[in-house]
Amino acid sequence: MSALIAILCCLVLLTWRAVLIGVFHAVYRRGCDWVNSEVIVRPAPRLLFAVFKQYTGFKFEGDYSLTDQLPEQYLVISNHQSLLDIVAHMNYYNGTRLRFVAKEELGHNVPLVSPMLKSGKHCLVKRTGSPTQAMKAVDKFAEHVVKNNLIPVIFPEGSRSKDGELKSFHAAGFRRFLNAAPMPVAVCALDGAWKISSLTRLAKNLKNETYRVKLLKIYDAPKTKEDQVKILEEGKALIQAQLDEWRLADKQK
């Protein structure tokens, strides 16, 4: 029952926001930018996790031990378990500056999410079709990020891990972005989202679970292809080690 109450409360919190941004996106794009920032990105992540905690004991647990060392602008790479990863990263970092590389399908007919991604000028990349078009989208995104002092987020796995296990990292988009916009790289691990990645799992696993996020390491802007590859390989190893540590600790409780 508590999980149902939490889900209903979240639906209420999100539905009116989805309607509002949908209307503004259709008739007044400048106003849509304000709604996106001040009505959704700033308050919604905090409110969602507050509702989950109140009714089910579900906790957002952010480790901020390294965040004060972050530079003014940087690229975040992270593992990927659920659409809620976007919410978690917004709650952990400065949400109004975050911009995500996401699959193009999310830009169409998804209430709240689609107008948010479009109005915020996130990078929407087709998963099928010409690789050249995808790389051009990344180039345009990099230019937008630099011009507006934004914080880009890339999920190198490319798609969500349905069982929480780390998948292979793909280098193409990561390297293309850094070639166009060299900047420091922040490696971040998260865990817990895969357990609530569908309505069925949400109802079953929401109670007393934890959604963890931790910044693991900050790399200087890579200067060569070898530096880029090294960061991606080491970043994946760091994320895997953190996932192992969290899960071992849970088993020992």
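The values are calculated or read from the model by the stated rules, or taken from the named source; none is laboratory data. Bear in mind the structure is a predicted one, so any value in this text is a computation, not a measurement. Because the Cβ atoms are built from the backbone with ideal geometry, glycine has one as well, and the counts that use them run over all protein chains shown. SASA here: full protein model, heavy atoms, side chains in, ligands and nucleic acids out. Shrake-Rupley method; radii C 1.70, N 1.55, O 1.52, S 1.80 Å.
Per this entry, residue 226 is not counted among residues that are at pLDDT 95 or above, over 17 Å from the mean Cα position of the chain (by Cα) and under 24 Å from residue 69 (Cβ atoms). Entry remark, the stretch 196-223: residues being modelled with pLDDT of 95 or more and assigned to a strand (DSSP E or B) number 7 in total. A count restricted to the stretch 111-155 and to residues that are under 15 Å from the mean Cα position of the chain (by Cα), basic (Lys, Arg) and under 15 Å from residue 75 (Cα atoms) stands at 0. The number of residues in the stretch 136-156 being surrounded by fewer than 17 Cβ atoms within 10 Å (Cβ to Cβ) and in a helix (DSSP H, G or I) comes to 8.
Report yes if residue 126 is in contact with a strand residue (DSSP E or B) (Cβ under 8 Å, 6 or more places away or on another chain) and open to solvent by 20 Å² or more (accessible area, probe 1.4 Å), otherwise no. Yes: the conditions hold for residue 126. Scan the stretch 158-182 for residues that are within 30 Å of residue 33 (Cβ to Cβ), at pLDDT 95 or above and not small (Gly, Ala, Ser) and the total you get is 6. Annotation note: Cβ proximity below 8 Å between a residue of the stretch 56-76 that is closer than 20 Å to residue 193 by Cβ and a residue that is among the small types (Gly, Ala, Ser) and open to solvent by less than 50 Å² (accessible area, probe 1.4 Å) (sequence gap 6+ or interchain) occurs for 56/2; 56/3; 56/6; 58/6; 60/88; 76/186. Per the listing 119, 159, the residue uniquely of a type in the set (Ser, Thr, Tyr), more than 15 Å from residue 188 (Cβ to Cβ) and surrounded by 14 or more Cβ atoms within 10 Å (Cβ to Cβ) is 119.
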